[in-house]
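To keep things clear, I will list the structure first and then write my remarks on it.
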């Protein structure tokens, strides 16, 4: 989008803006970051900790990776409903893969 701000500047990784996340869906980023945090804290003798994973998928803007949009018929009565379905499906996949990875640490 010409003239658009670099939206990745609004997402931080550690103590600096995450600048390498353009065109990466947020559910994948949050899931991967959660696994990284859990892996770092899952070392023998580490203190127990709590991780809160809150996906932002079901909020504006209504957009999802094409592979999730393709799962829903273009003939759906509401384009918004189709997009929300795709967004929830993307979030569901990210949750499943995140929890599966954590189970096998």
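Here, each number is a calculation from the coordinates, and none is a lab measurement. Keep in mind that this is a model prediction, so the values were computed, not measured. In this analysis, Cβ positions are derived from the backbone assuming ideal geometry, glycine residues included, and neighbour counts consider all displayed protein chains.
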Going by average Cβ density within 10 Å per residue, which order do the peptides 72-81, 86-95, 31-40, 44-53 take, highest to lowest? 86-95, 31-40, 72-81, 44-53
With viscosity set to 1.002 mPa s and temperature to 20 °C, compute the Stokes-Einstein D of the chain, Rh being the Kirkwood radius across alpha carbon pairs; µm²/s, no decimals. 137 µm²/s
To test your reading of the geometry: what angle, between 0 and 90 degrees and rounded to tens, separates the Cα axis of helix 79-103 from the longest principal axis of the chain? 20 degrees
Note the angle between two axes, namely the Cα long axis of helix 26-41 and the longest principal axis of the Cα atoms of the chain, as a number of degrees from 0 to 90, rounded to the nearest 10. 10 degrees
